[in-house]
Amino acid sequence: MKPLRVLALIQLLILGIMLTAAGTSGNTAAQGSLPTAAARPGWQWPLAGEPAILTPFDKPEQKWLAGHRGVDLRAAEDTSVLAPHRGKVAFRSTVVDRPVLVIDHGSGFVTSLEPVSSELAAGAWIEAGDNVGTVATGAHCSKRCLHWGVRLDGEYIDPALLIRDLRPSILLPLH
């Protein structure tokens, strides 16, 4: 077998072992990771640049327990909110005291952004980077922020994993 094919097979084997371990352990960080545990092409932050994360993702061990099912990004009121990926607006309305925008990206990915004031109607198609609204009042956190939540097939995942590749580096032999 050629060395590059062997290397690729070893990498797939290691990834499979990591995914199996993540799926069976009680590690909450692993439970919030993507199936490939890698950044996904075409995703971007819902704010310009790389915003500061005020409150990180914290998936609870059980669905009914307290946790933080998204990330809070530092943002001033009236800051432009950008589509993190192409998709279709699934919902735009007020939930309790906050305006919420939900985008269905397909392939099981659904984004929720709050508080976001938007004029988009449900069913509107948007591209990654399109301005979808502005950060509104009715803050989710004590400081001004934008809460970005992402579900994959109904399970909350860490949105930062869509942007950053947080996998550990694995060095393999050249031969």
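Explain nothing, just the number: relative contact order of the stretch 53-163, from Cα pairs under 8 Å at least 6 residues apart, as a whole percent. Walk me through the numbers before you get to the answer.
Details: 276 pairs, mean separation 34.9, N = 111.
About 31 percent, as a whole number.
Taking other Cβ within 10 Å of each residue's Cβ, how do 137, 111 sort, fewest first? Write down the numbers at each step before the final one.
Working: 137 12, 111 24.
Exposure proxy ranking, most exposed first: 137, 111.
Based on the Cβ-Cβ distance of residue 90 and residue 63, what FRET efficiency does E = 1/(1 + (r/R0)^6) give at R0 = 30 Å, to the nearest 0.05? Walk me through the intermediate numbers first.
Values: r = 21 Å, r/R0 = 0.70.
Efficiency computed from Cβ-Cβ geometry: 0.90.
Let me understand the stretch 53-163 better: what is its radius of gyration from the alpha carbons, and its Dmax, in angstrom?
Using the Cα atoms of the stretch 53-163, the pair Rg, Dmax is 13.1, 37 Å.
Bear in mind these aren't lab numbers, they're just calculated from the coordinates by the rules spelled out. Source: prediction; values computed, not measured. Please note: Cβ atoms are built from the backbone with ideal geometry, for glycine as well, and neighbour counts cover all protein chains shown.
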